[in-house]
Amino acid sequence: MATTTTEPEQVDVLICGSGSAGLCAAVWLDRFNVNYKMVERRDGPMQIGQADGVQTRTVEIFDSFGIAEDLLREAYHVLEIAFWSPTPGEPTSADTPGGIKRSHFAADKETEISRQPHVILNQARLNAILIGELAKDSRDSRGPPPTIEYSTEVKGVQVDPATAQDPSAYAVQVDTVVNGVEKSFKAKYVLGCDGAHSVVRRSLGFKMLGDSSDAVWGVMDVYPRTDFPDIRKKVVINAAAGNLLIIPREGDSMVRFYIELPAGTKVADIKLEDLQARARLIFAPYTMDIAETFWWSAYAIGQRRADFFHQDHRVFLTGDACHTHSPKAGQGMNVSLQDGHNIGWKLGMILNGQAPHSLLETYIVERERTATELIDFDRHFTRLFNSKYRQEHGITPQHFADQFVKAGRYTAGQAVQYDASAIVAIGDKDKEIAAKVSVGMRFPTAQVVRYCDAKAMQLVKGLPANGRWYIVVFAGDVQDPESAARLQKASEALDRIAQSFTPSTADADSIIDRVLVISSDRKKVEHDQIPEFFTPVAGKWRMKCPTKVYFDDESYNSGHGHAYEEYGVDVKRGALIIVRPDHYVAKVTTLDDVEQPIREFFQGFLLPQV
């Protein structure tokens with residue numbers, strides 16, 4: 001019988017579940033120095049994760065946090081897709097080995113989608129990198145690493161309706177059992193990151209709406225002995241015996257097979273030998289001998305979404321707790337992590353007194369739509385893999401391959417565009433100002449040259465994920481008197497705006513940061529031509545910060561980035577782009593009339609500071 005601890009433990013944020021969504025949110029909370037706790041029913045960190053595909057958008061997120069190095073070094077980099085189809089004239093029976101022939105190769109990702117690669121790394125290792133970042137940051141700022149309470153099972157979640165509207169109240173009670181001892185928490189906010197069988201969701205009475213299809217697939221991580229020539233590439237095989245997707249794993253030896261199983265197959269009846277036998281049929285005439293199977297499973301394809309994503313804007317669902325789908329598009333872990341990425345910085349701002357409680361409404365607006373679009377895409381994408389569906393609709397292997405490539409932007413995580421809200425200001429003339437920037441989508445990047453040290457770098461590297469908002473100013477040629485005067489006037493207005501939302505005891509760039517991109521010849525511009533707004537005094541030693549000014553100019557060893565062209569900004573007109581802490585574009589405007597529109601935008605969600 002469980003014993004009970006006395007008083008509930010108070011935390012500002014309680015994260016239920018230590019998967020990718022919860023850990024990504026925790027990184028933000030750690031950076032905002034928020035009092036949070038994470039509880040996990042397992043007895044330790046994940047050891048073997050089922051997910052492994054890491055989208056370019058997820059790599060960008062890791063890079064913004066400064067933790068992409070290990071990920072990129074250890075992962076398998078997906079560069080090319082090989083498409084295979086039945087050999088003409090061969091048998092077409094699903095149970096008869098037929099021939100397969102490579103039809104063509106295609107790039108896995110176009111450079112314009114992202115400068116980061118699509119990679120493969122086990123989710124357990126991905127989570128370990130995030131946990132390592134939590135420990136590192138806590139040692140730097142608060143001593144011992146934050147505790148993730150393992151062997152802690154959530155039993156129930158309740159929101160107190162009497163205090164739910166009071167932002168300062170610990171309005172949520174979470175009851176848990178830790179090694180047989182009952183323990184309760186009182187939290188201001190709770191994140192349900194506890195997976196498809198979420199206890200948090202069930203406690204709130206929310207339901208998963210959707211269905212399962214009769215399509216059944218097997219998946220196995222194996223060490224193959226084979227003469228198949230593309231075994232270390234991403235491969236899509238459309239064979240008479242079924243469909244198979246190859247995903248090479250990190251380490252140069254293991255590969256993952258997703259295998260379509262015959263119609264009428266029951267998941268409960270599937271054995272490992274069935275998957276191996278079906279793989280041999282699909283690969284014929286190539287040999288496929290499995291030396292060892294590291295892990296395997298089988299599943300019926302289904303898509304479901306929670307009917308609600310929050311309770312009183314105090315408890316929020318993320319990841320598999322609110323949306324489930326097939327694994328073949330590599331979306332699950334990535335979209336889950338991006339749920340946590342979306343809500344983490346918003347909670348950080350609210351709990352630091354920078355933004356009102358209402359900011360959390362944007363999590364629902366943004367991520368509910370993302371989940372709905374994901375499920376719609378997944379239904380379409382999985383149909384393409386279904387042999388019966390393709391036969392009924394006359395979808396040829398070439399058409400399948402074309403659709404697979406066209407889906408690249410979505411499967412890379414780069415198709416998300418948020419609707420207008422308090423933190424997304426979509427204007428009618430945005431594209432006239434910055435033709436290649438889309439408000440509501442992630443901020444693109446281009447090579448620039450840093451003024452202080454002549455370093456060629458991607459502009460997005462100058463916007464680290466530290467919880468700040470960024471005003472990125474494209475000023476044009478400051479050698480031109482008209483452009484210089486316009487920049488000076490805009491800078492004075494921006495300085496007044498930033499000061500009104502920044503505590504007097506904080507660094508000038510701690511809430512609203514600034515980045516300047518100039519099109520002039522770097523060697524002809526002197527420091528006194530740069531407005532002081534872009535070189536604020538900050539940091540422990542109260543030094544002028546020289547790292548916020550960049551030039552769209554020729555570098556010594558990396559050529560010219562042509563940043564103005566990449567962003568679609570007219571050098572003579574310039575542009576001002578506001579970028580959110582999560583690197584999504586919030587607003588695009590000109591430099592001609594800055595004060596009123598920029599101030600009104602920030603007043604929509606930032607709290608004035610004294």
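Looking at V315, V335, which one is touching a strand residue (DSSP E or B) at 6+ places or on another chain (Cβ under 8 Å), closer than 30 Å to V235 by Cα and among the aliphatic types (A, V, I, L, M)? Spell out how you get there, then give the answer.
Working: V315 fails: closer than 30 Å to V235 by Cα.
Exactly one residue qualifies, and that residue is V335.
What about Y418, is it part of a helix (DSSP H, G or I) and touching a residue at least 12 places away in the same chain (Cβ under 8 Å)? Before you say what the answer is, go through the steps one by one.
Details: part of a helix (DSSP H, G or I): no; touching a residue at least 12 places away in the same chain (Cβ under 8 Å): yes.
Considered against the rule, which asks whether it is part of a helix (DSSP H, G or I) and touching a residue at least 12 places away in the same chain (Cβ under 8 Å), Y418 comes out as no.
What number of residues in the range 456-507 are open to solvent by less than 40 Å² (accessible area, probe 1.4 Å) and in a helix (DSSP H, G or I)?
Number of matching residues: 14.
Among the residues of the range 194-234, count how many are within 21 Å of T372 (Cβ to Cβ), assigned to a strand (DSSP E or B) and under 25 Å from the mean Cα position of the chain (by Cα).
Number satisfying all stated conditions: 3.
Considering only the range 282-293, I want to know if a residue exists there that is under 28 Å from S212 (Cα atoms) and hydroxyl-bearing (S, T, Y).
yes
Give me the residue from the range 342-358 that is assigned to a loop (DSSP other than H, G, I, E, B) and open to solvent by 10 Å² or more (accessible area, probe 1.4 Å) and, out of that set, nearest to N35 (Cα to Cα).
Filtering the range 342-358 for residues assigned to a loop (DSSP other than H, G, I, E, B) gives 352-356.
Within this subset, residues satisfying the condition of being open to solvent by 10 Å² or more (accessible area, probe 1.4 Å) are 352-354, 356.
On the way: N352: 11, G353: 14, Q354: 16, P356: 18 Å.
For the range 342-358, the residue satisfying everything is N352.
Might you let me know whether the range 332-341 holds any residue that is open to solvent by less than 10 Å² (accessible area, probe 1.4 Å) and part of a strand (DSSP E or B)?
No, the conditions are met nowhere in the range 332-341.
Just wondering, is there one or more residues in the range 368-382 that are more than 30 Å from A425 (Cα to Cα), touching a residue at least 40 places away in the same chain (Cβ under 8 Å) and not basic (K, R)? Lay out the reasoning, then the answer.
First pass over the range 368-382, keeping only residues more than 30 Å from A425 (Cα to Cα): 379-382.
Applying the additional criterion that residues be touching a residue at least 40 places away in the same chain (Cβ under 8 Å) yields 379, 381-382.
Restricting the remaining residues to those that are not basic (K, R) gives 381-382.
Among the residues of the range 368-382, at least one is more than 30 Å from A425 (Cα to Cα), touching a residue at least 40 places away in the same chain (Cβ under 8 Å) and not basic (K, R), which makes the answer yes.
Taking the range 359-393, which residues are in contact with a Phe, Trp or Tyr (Cβ under 8 Å, 6 or more places away or on another chain), under 18 Å from V236 (Cα atoms) and either modelled with pLDDT of 95 or more or open to solvent by 70 Å² or more (accessible area, probe 1.4 Å) (or both)?
R383
Just name the residue that is modelled with the lowest pLDDT out of those in the range 573-609 that are charged (D, E, K, R) and not in a helix (DSSP H, G or I). Lay out the reasoning, then the answer.
If we filter the range 573-609 for residues that are charged (D, E, K, R), which is where we start, we get 573, 580, 582, 587, 592-593, 595, 599-600.
Remaining after also requiring not in a helix (DSSP H, G or I): 573, 580, 582, 587, 592-593.
Details: R573: 97, R580: 98, D582: 98, K587: 98, D592: 93, D593: 84.
So the residue we want is D593.
Could you say which residue among D453, D402 is at pLDDT below 80, of a type in the set (D, E) and open to solvent by 30 Å² or more (accessible area, probe 1.4 Å)? Spell out how you get there, then give the answer.
Numbers: D453 fails: at pLDDT below 80.
Only one candidate qualifies: D402.
Which members of the range 291-328 meet the condition of being open to solvent by 30 Å² or more (accessible area, probe 1.4 Å) and more than 30 Å from F185 (Cβ to Cβ)?
A291, E292, T293, F294, W295, W296, S297, Y299, A300, H325, P327
From the residues in the range 151-194 that are open to solvent by 50 Å² or more (accessible area, probe 1.4 Å) and among the hydroxyl-bearing types (S, T, Y), which one is nearest to L14 (Cα to Cα)?
Y170
The values are calculated or read from the model by the stated rules, or taken from the named source; none is laboratory data. What you are looking at is a predicted structure, and each value in this text was computed from that prediction instead of being measured. Virtual Cβ from ideal backbone geometry, glycine too; neighbours counted across all protein chains shown. Heavy atoms of the whole protein, side chains included, go into the accessibility calculation; ligands, DNA and RNA do not. Shrake-Rupley method; radii C 1.70, N 1.55, O 1.52, S 1.80 Å.
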